[in-house]
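Notes follow the structure.
The values are calculated or read from the model by the stated rules, or taken from the named source; none is laboratory data. No experiment lies behind these values; they were computed from the predicted model shown. Note: ideal-geometry Cβ built from the backbone for every residue, glycine included; neighbour counts use all protein chains shown.
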Amino acid sequence: MWARSVTSRFLRSRPRADEPPGVSHVGRPPRPLGDVSRTRGSRTMSFTPRTKTNRVVVIGAGYAGMMATNRFLGSLTEEERSRTVVTVVNPKPVFVERIRLHEVAAGSRNAVTIPLAWLLHADAEVVVGRAELIDTVAREVLVVSDDEDLRLPYDYLLYAVGSFASTAIEGAAEHAYVIADHDGASAAAEAVRALPPRARVSIVGGGLTGVEIASELAEQHPELSVTLYCAGELVAQMRPAARRSLRRTLERLGVRIDEHAEVSTVVPGGLRLSGDRALDHELCIVAAAFDVPDLARASGLPVDEAGRLEVDEYLRCIDNPAILGAGDAVVAPQSVAGHLRMGCATALPMGAHAAHTLLAAIRGAVPRELTIGYVLQCISLGRKRGYIQLVRSDDTARRFHLGGRTGARVKEWICEMVVDSPKKESTQPGAYSWPKGPKRRAVTGAGSQSGGRAPVGARFGPEQHASYPVLSDRSRAS
């Protein structure tokens with residue numbers, strides 16, 4: 001009942017997914033995107049930001065970037081705010097609910113974007129463009145937009161660039177749909193609608209991302225023949241009872257499961273598997289792994305072999321404390337982050353912690369060490385079923401779980417909460433909280449010689465959680 005009440009209140013106040021950006025549902029017109037970038041028609045007009053004592057640039061307006069921006073600005077005193085300007089750089093003027101992209105691909109929803117103007121703190125200035133380079137000597141960020149290139153000066157910078165879909169499987173980029181952004185999900189949905197009855201659809205990726213896509217697609221389009229290809233066992237990272245439950249639900253929906261079927265190549269109209277197996281299909285969707293942008297490496301910042309920014313226990317770049325990192329594209333020390341997985345369940349608390357570290361920097365205070373614990377893992381199995389696995393703070397499974405319609409309702413509430421909570425931080429900083437992490441780990445062996453750094457999500461192989469994706473094998477060479 002409590003989940004239903006919170007969900008209904010939230011749905012009454014938020015924009016509908018099929019409405020265009022700019023529609024306000026809070027009784028006032030949406031504010032402009034800020035002094036640095038305003039949209040006029042299809043053209044973006046850019047302005048030089050005001051000169052203030054503390055110039056903060058946030059690269060990325062995903063879960064981590066949005067949370068950090070709102071908590072930081074919401075926590076400032078009036079005097080601090082008068083001498084601080086925060087500029088958020090994002091490729092588009094909208095926030096994408098990535099944990100709902102499988103719904104778009106299957107046709108359950110038309111869109112999962114929300115205007116940044118509706119979500120971000122009123123004092124946040126937004127630049128719509130792509131960050132190309134961080135000049136640590138001049139302390140500037142080069143941003144490329146449709147109209148012009150900008151150089152944004154900063155005193156502090158938050159690196160929250162997130163992740164994107166990996167196309168490490170040969171032929172995936174050319175002959176499959178990769179669902180990691182709104183454009184990819186929308187393109188897949190259009191292709192699905194054009195399929196004839198009994199068309200064969202291949203889903204590559206036997207982790208929870210693939211399970212969510214397969215179940216959603218099979219439920220919305222029962223006339224299609226859906227096959228899920230797993231490199232190993234189905235959702236191998238979950239406990240046996242959970243795997244059995246997920247398998248039963250998939251089979252009830254008509255999904256065929258092909259385990260130990262490692263896809264080596266995607267070709268026009270088919271797949272090539274290890275062992276020289278060849279399979280045909282009319283449509284292929286790849287949901288196997290994620291990579292990170294190369295911005296940190298290109299900017300000469302310290303990174304691991306996958307290109308993730310190396311940060312310390314406070315989320316500060318290890319050789320440049322004016323730069324902080326949060327979200328999928330960072331590497332934190334093993335002692336505090338060895339149990340972390342990628343996704344919004346990690347990005348939100350990391351963003352909030354980065355805001356605390358930034359506040360400590362401008363106030364001359366001592367920052368706190370990162371500590372993040374977990375409560376549950378969640379997965380949707382179409383619109384009518386879900387699976388909620390309770391976990392310990394270190395993300396190991398407990399015996400208790402929720403399934404069926406109750407699991408679906410809890411999953412839906414979580415999807416709404418992870419958007420509503422960062423938004424509240426603008427006026428109620430500290431409203432979002434999370435459990436403490438497990439006891440600090442002692443780093444030994446080879447890991448200690450390299451600083452004991454653990455990339456977020458490093459515990460799991462490829463094909464991890466739909467809401468908590470991991471990096472591809474190619475990018476996980478470290």
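Looking only at segment 368-402, count every residue that is crowded, with 20+ Cβ neighbours inside 10 Å and assigned to a loop (DSSP other than H, G, I, E, B) and tell me the total.
Summing the residues that are crowded, with 20+ Cβ neighbours inside 10 Å and assigned to a loop (DSSP other than H, G, I, E, B) in segment 368-402 gives 7.
As an exercise: evaluate Val104 against (1) surrounded by fewer than 19 Cβ atoms within 10 Å (Cβ to Cβ); (2) among the β-branched types (Val, Ile, Thr); (3) within 30 Å of Ser380 (Cα to Cα) and give the number of the one condition it does not meet.
Tallying (1) surrounded by fewer than 19 Cβ atoms within 10 Å (Cβ to Cβ); (2) among the β-branched types (Val, Ile, Thr); (3) within 30 Å of Ser380 (Cα to Cα), Val104 fails exactly one: (1).
Residues are listed down the side, and each one gets a yes or a no for (1) farther than 20 Å from Lys423 by Cα; (2) touching a His at 6+ places or on another chain (Cβ under 9 Å); (3) of a type in the set (D, E, K, R):
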site: Asn90; (1), (2), (3): no, no, no
site: His102; (1), (2), (3): yes, no, no
site: His121; (1), (2), (3): no, no, no
site: Glu132; (1), (2), (3): yes, no, yes
site: Thr136; (1), (2), (3): yes, no, no
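Quick check on Ala187: is it of a type in the set (A, V, I, L, M) and either farther than 20 Å from Met342 by Cβ or touching a Leu at 6+ places or on another chain (Cβ under 6 Å) (or both)?
For Ala187, the condition - of a type in the set (A, V, I, L, M) and either farther than 20 Å from Met342 by Cβ or touching a Leu at 6+ places or on another chain (Cβ under 6 Å) (or both) - is met.
Per-residue answers, yes or no, for (1) farther than 28 Å from Leu376 by Cβ; (2) of a type outside the set (A, V, I, L, M, F, W, C):
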{"position": "Leu234", "(1), (2)": "no, no"}
{"position": "Ser264", "(1), (2)": "yes, yes"}
{"position": "Ala288", "(1), (2)": "no, no"}
{"position": "Ala298", "(1), (2)": "yes, no"}
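Report yes if Asp304 is crowded, with 20+ Cβ neighbours inside 10 Å and either within 30 Å of Ile134 (Cα to Cα) or among the acidic types (Asp, Glu) (or both), otherwise no.
Criteria met by Asp304.
In this structure, does Glu282 turn out to be assigned by TED's automatic domain parsing to the domain that holds Tyr177 and surrounded by fewer than 24 Cβ atoms within 10 Å (Cβ to Cβ)?
Spelling it out, Glu282 is indeed assigned by TED's automatic domain parsing to the domain that holds Tyr177 and surrounded by fewer than 24 Cβ atoms within 10 Å (Cβ to Cβ).
Return the residue satisfying two criteria in turn: it lies in segment 136-159 and is under 17 Å from Pro321 (Cβ atoms) and among the charged types (D, E, K, R), and of such residues it is surrounded by the fewest Cβ atoms within 10 Å (Cβ to Cβ).
Step by step, filter segment 136-159, then rank; the result is Asp155.
Could you please let me know if Ile414 is touching a residue at least 24 places away in the same chain (Cβ under 8 Å), surrounded by fewer than 20 Cβ atoms within 10 Å (Cβ to Cβ), among the hydrophobic types (A, V, I, L, M, F, W, C) and in a helix (DSSP H, G or I)? Give the steps one after another, and end with the answer.
Working: touching a residue at least 24 places away in the same chain (Cβ under 8 Å): yes; surrounded by fewer than 20 Cβ atoms within 10 Å (Cβ to Cβ): no; among the hydrophobic types (A, V, I, L, M, F, W, C): yes; in a helix (DSSP H, G or I): yes.
For Ile414, the condition - touching a residue at least 24 places away in the same chain (Cβ under 8 Å), surrounded by fewer than 20 Cβ atoms within 10 Å (Cβ to Cβ), among the hydrophobic types (A, V, I, L, M, F, W, C) and in a helix (DSSP H, G or I) - is not met.
Quick one: Met350 ticks every box in (1) part of a loop (DSSP other than H, G, I, E, B); (2) under 18 Å from Tyr159 (Cα atoms) bar one, so which box is it?
Met350 satisfies all of (1) part of a loop (DSSP other than H, G, I, E, B); (2) under 18 Å from Tyr159 (Cα atoms) except (1).
Matching residues to (1) over 19 Å from the mean Cα position of the chain (by Cα); (2) closer than 27 Å to Val204 by Cα; (3) modelled with pLDDT under 55; (4) not polar (S, T, N, Q):
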site: Asp394; (1), (2), (3), (4): yes, no, no, yes
site: Glu416; (1), (2), (3), (4): no, no, no, yes
site: Gly437; (1), (2), (3), (4): yes, no, no, yes
site: Ser450; (1), (2), (3), (4): yes, no, yes, no
site: Gly457; (1), (2), (3), (4): no, yes, yes, yes
site: Pro462; (1), (2), (3), (4): no, yes, yes, yes
site: Arg474; (1), (2), (3), (4): yes, yes, yes, yes
site: Ser478; (1), (2), (3), (4): yes, yes, yes, no
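From the list Arg83, Arg139, Arg109, Arg100, pick out the single residue that is within 18 Å of the chain's Cα centre (by Cα) and farther than 16 Å from Ser426 by Cβ.
Values: Arg83 fails: within 18 Å of the chain's Cα centre (by Cα); Arg139 fails: within 18 Å of the chain's Cα centre (by Cα); Arg109 fails: within 18 Å of the chain's Cα centre (by Cα).
Testing whether each residue is within 18 Å of the chain's Cα centre (by Cα) and farther than 16 Å from Ser426 by Cβ leaves just Arg100.
Name the residues in segment 175-190 that are surrounded by fewer than 19 Cβ atoms within 10 Å (Cβ to Cβ) and within 16 Å of the chain's Cα centre (by Cα), would you?
Correct list: Asp181, Asp183.
Which of (1) in contact (Cβ under 8 Å) with a residue 40 or more places away in the chain; (2) not assigned by TED's automatic domain parsing to the domain that holds Met350 is the odd one out, the single condition Ala173 does not satisfy?
Against the list (1) in contact (Cβ under 8 Å) with a residue 40 or more places away in the chain; (2) not assigned by TED's automatic domain parsing to the domain that holds Met350, Ala173 comes up short only on (1).
Which pairs have Cβ atoms under 6 Å, sit 6 or more apart or on different chains, and link a residue in segment 231-255 that is surrounded by fewer than 21 Cβ atoms within 10 Å (Cβ to Cβ) to one that is part of a helix (DSSP H, G or I) and polar (S, T, N, Q)?
Taking only residues 6 or more apart or on different chains, the pairs are Leu253/Ser215.
Can you pull out the residues in segment 126-135 that are surrounded by 22 or more Cβ atoms within 10 Å (Cβ to Cβ) and more than 13 Å from Asn320 (Cα to Cα)?
Matches in segment 126-135: Val126, Val127, Val128, Gly129, Ala131.
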